[in-house]
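K.L.:
Mind looking over this structure? Questions follow.
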Amino acid sequence: MSLLPNKTKYRKAQKGGKKITGVANSGCSLAFGMYGLKALSSGRFKANQLEATRRSISKNLKRTGKLWIRVFPQIPVSSKPAEVRMGSGKGSVSYWMCRVKPGLMLFEIDGVPEEVAVEALTKASAKLPFLTKIVKRI
């Protein structure tokens with residue numbers, strides 16, 4: 001089950017530069033749960049990576065507790081097939097992604113013991129294309 005928006009204003013989007021610079025201004029602190037996974041570096045977070053991470057966390061929680069996903073892939077990325085000549089327009093949308101800046105909270109967990117939450121978030125961080133850290137509400 002790949003995440004994608006129901007409706008967008010434009011079907012395809014421009015790249016918007018090469019680098020994702022700066023730090024996250026909002027969504028930096030725990031808002032819902034006791035434990036969270038916070039990004040330490042920037043990168044592109046694809047919808048299939050998000051789904052793999054969600055499955056990993058859900059599997060470790062074993063139907064206990066609550067999981068919040070704080071990011072959503074809303075940017076379409078298009079690509080043309082291999083060995084296609086130049087011209088003939090822009091390629092079709094191949095996947096959806098969201099930009100992640102350092103400091104952004106990605107996932108939050110509540111209702112489970114600390115050991116279970118830390119183990120689930122540690123396994124989830126292995127699926128991500130950027131550095132993360134586990135934070136706890138004090």
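K.L.:
Scan the stretch 59-104 for residues that are polar (S, T, N, Q) and closer than 28 Å to Asn25 by Cα and jot them down.
P.N.:
Correct list: Gln74, Ser78.
K.L.:
Please state which one of Ser92, Ser125 is free of Cβ contacts under 8 Å to residues at least 24 places away in the same chain and surrounded by 12 or more Cβ atoms within 10 Å (Cβ to Cβ).
P.N.:
Unique residue meeting the criteria: Ser92.
K.L.:
Take the conditions surrounded by 12 or more Cβ atoms within 10 Å (Cβ to Cβ) and either at negative phi or in contact (Cβ under 8 Å) with a residue 12 or more places away in the chain (or both) and apply them to Ala117. Does it pass?
P.N.:
yes
Taken together, the values in this text are just the output of simple stated rules run on the coordinates, not laboratory data. Remember, it's a predicted structure, so these values are computed and weren't measured experimentally. All Cβ positions, glycine included, derive from the backbone under ideal geometry; neighbour counts span all protein chains shown.
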